[in-house]
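J.: Just passing along the structure, written as structure tokens.
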Amino acid sequence: MIAQFKTSMNALDRSSFDLARFIADYQIQCAAAVHRLHEVGVPATTEHVQAIATSSSRGAEGKHVAQIVTGFVTLLDALRL
């Protein structure tokens, strides 16, 4: 979903879209999701696996699995549209 958000933001005129206003207008209350979209920019699984990967070789394997699963879920979502 983060990749889709980034793609949409690149397609839109950034000066006409304000994430904070969108959140306020639709009364969205998901602080963690807003934090992921606006500040971090990567899924939590990727972020946490990267921290593990620096401490062990097994973490690198987990990172690749997380990336594959993320891509697969994004593909399934795109096909459903």
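The values are calculated or read from the model by the stated rules, or taken from the named source; none is laboratory data. On a predicted model such as this, the values are computed, not experimentally measured, just so you know. Every residue, glycine among them, receives a Cβ derived from its backbone with ideal geometry; neighbour counts consider all protein chains shown. Note: areas computed on protein heavy atoms with side chains; ligands, DNA, RNA excluded. Shrake-Rupley method; radii C 1.70, N 1.55, O 1.52, S 1.80 Å.
J.: Determine, yes or no, whether VAL73 is modelled with pLDDT of 70 or more, loosely packed, with under 14 Cβ neighbours inside 10 Å and β-branched (Val, Ile, Thr).
T.: yes
J.: Report whether or not HIS35 is at pLDDT 80 or above and either open to solvent by 60 Å² or more (accessible area, probe 1.4 Å) or more than 17 Å from the chain's Cα centre (by Cα) (or both).
T.: yes
J.: For segment 10-30, give me the residue count where each residue is assigned to a helix (DSSP H, G or I) and either open to solvent by less than 80 Å² (accessible area, probe 1.4 Å) or of a type in the set (S, T, N, Q) (or both).
T.: 7
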